[in-house]
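Read through the structure below, which is laid out as structure tokens, and then see the notes.
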Amino acid sequence: MNKKIFTLCFVFANLFVINAQELNFELISSNVFEVIVPKKENPQIVFEKELPFDKLPYQFRIDEYFSIGSAFRVAENRFLSAAHVFGAENDTFFADFKIRDRNGTIFNIKDVYKYSNDKDLILFSIEESEKFTQTFDQKPFLELSDEFIPASKVYTVGNAFGEGIVIRDGLLTSMTPEAKNGRWKWLRFSA
């Protein structure tokens with residue numbers, strides 16, 4: 001049974017594609033994280049009147065962080081996400097990136113090892129601490145693979161808008177060349 005993660009497959013909402021006959025929910029959910037930034041006010045922005053924050057969803061109102069994307073643990077202390085989530089090439093009001101696990105534990109991002117706007121990928125580590133050891137010590141991570149079988153069953157996985165892990169099933173339908181120079185193939189899927 002192949003339970004490997006496909007690389008190069010962040011699409012729109014920062015999703016991963018998993019090729020598996022059976023879904024191992026525990027393995028997946030323990031290795032999917034929210035990318036978050038602290039909420040803070042910009043003192044240069046002044047509103048004419050108080051905004052109706054009570055109209056926003058409850059979780060958004062009470063959370064001290066903005067959930068801006070997903071990250072996936074792919075090695076002992078290596079996490080993969082979409083480069084557009086971090087936007088390192090842009091000036092931004094948000095710079096203190098962190099990740100949060102399904103239990104609400106927050107980890108600081110330490111080092112960036114790879115960053116590609118072309119492939120929309122970033123590979124990074126987090127600061128090691130006692131909570132790091134308690135969370136990750138000797139626990140399996142999602143393995144990367146470059147083996148693709150058209151028409152095979154796949155699952156897309158991601159943390160949808162900070163509201164929890166979403167998993168959808170479908171088929172790997174085709175592989176199409178990257179639009180600019182055809183340097184790699186995008187995975188197309190129905191999930």
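Which one is modelled with the highest pLDDT, of the residues in the range 98-126 that are surrounded by fewer than 17 Cβ atoms within 10 Å (Cβ to Cβ) and of a type in the set (Phe, Trp, Tyr)?
Going through the qualifying residues, I end up with Tyr113.
What number of residues within the range 100-125 satisfy the criterion of being in a loop (DSSP other than H, G, I, E, B) and either touching a Phe, Trp or Tyr at 6+ places or on another chain (Cβ under 9 Å) or touching a residue at least 12 places away in the same chain (Cβ under 8 Å) (or both)?
Residues meeting the conditions: 7.
Is there a residue being modelled with pLDDT of 85 or more, farther than 18 Å from Ile68 by Cα, part of a strand (DSSP E or B) and of a type outside the set (Ser, Thr, Tyr) anywhere in the range 147-170?
Looking for residues that are modelled with pLDDT of 85 or more, farther than 18 Å from Ile68 by Cα, part of a strand (DSSP E or B) and of a type outside the set (Ser, Thr, Tyr), one finds none in the range 147-170, hence no.
Does any residue in the range 156-170 that is closer than 13 Å to Arg100 by Cβ come within less than 9 Å, Cβ to Cβ, of a residue that is modelled with pLDDT under 80 and buried (at least 19 other Cβ atoms within 10 Å of the Cβ) six or more places away or on a different chain, and which pairs are these?
Close Cβ pairs (under 9 Å, with a partner that is modelled with pLDDT under 80 and buried (at least 19 other Cβ atoms within 10 Å of the Cβ)) amount to Asn159/Asn14; Ile165/Asn159.
Looking only at the range 127-145, decide whether some residue is in contact with a strand residue (DSSP E or B) (Cβ under 6 Å, 6 or more places away or on another chain), closer than 13 Å to Ala71 by Cβ and either modelled with pLDDT of 85 or more or among the aliphatic types (A, V, I, L, M) (or both).
There is at least one residue in the range 127-145 that is in contact with a strand residue (DSSP E or B) (Cβ under 6 Å, 6 or more places away or on another chain), closer than 13 Å to Ala71 by Cβ and either modelled with pLDDT of 85 or more or among the aliphatic types (A, V, I, L, M) (or both).
The values are calculated or read from the model by the stated rules, or taken from the named source; none is laboratory data. Just so we're clear, the structure is a prediction, and the values are computed from it rather than from any experiment. Backbone-built Cβ (ideal geometry, glycine too); neighbour counts: all protein chains shown.
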